[in-house]
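Worksheet: one structure, shown below.
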């Protein structure tokens, strides 16, 4: 179990969904930006990357992705997404909490950051990274590996 200390939230935006190609394979990565030049690369699965890219593009598909279904279900029960909080990074693994509310009750739900980002984008909820996460894992743009936009990569 992970101990969660008080968070110092820093608002972040999704800069994009990319792939990093290297000799051992191709890995999707979502890059968050703190708006002050610090970038937070989060390696994700291909399906989460596609879902996040779809949410960024505000695509409406003929059948819902799992993330669309989840947001729709929350809405049917009157549950509001308040935010996504990426609160910890341990040995390169990020941990996050989806903050949900129903009336005056607020709960935190443990989630993978990739799922949380896909949900937050669909639910128009803000994304925050803890200041300590940005300090330990944030990078400047010139420190990132060469990346290709996911859409461009999939069209190859």
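Since every read-out is calculated from the coordinates, none of them should be taken as a lab result. In this text the structure is predicted, and so the values were computed from the model without any measurement. Note that we place each Cβ from the backbone using ideal geometry, even for glycine, and neighbour counts take in every protein chain shown.
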Query raised in the report: Which residues does a label at residue 24 reach in the range 43-63, if reach means a backbone N under 18 Å from a point 7 Å past the Cα toward the Cβ?
Result: 43-46
Requested in this report: Would you mind calculating the gained length between residue 43 and residue 73 on full extension (0.36 nm times residue separation, minus the Cα-Cα distance), in nm to one decimal?
Outcome: 8.1 nm
Report task. Could you check what % of the DSSP bridge pairs in the chain are antiparallel, to the nearest 5? Result -> 90 percent
**Report entry** Relative contact order (%) - the range 9-154, alpha-carbon pairs under 8 angstrom, separation at least six
**Finding:** 31 percent
Query raised in the report: What is the distance, in nm, between label points placed 7 Å from the Cα along the Cα-to-Cβ direction at residue 131 and at residue 63?
Result: 4.7 nm
Requested in this report: With runs of 4+ DSSP H residues as the only contributors, calculate the mean residue ellipticity of the chain at 222 nm using -39,500 (n - 2.57) per run, divided by the residue total and rounded to the nearest 500.
Outcome: -8000 deg cm²/dmol
Query raised in the report: Label residue 8 and residue 151 with points 7 Å out from Cα along Cα→Cβ: what is the distance between them in nm?
Result: 3.7 nm
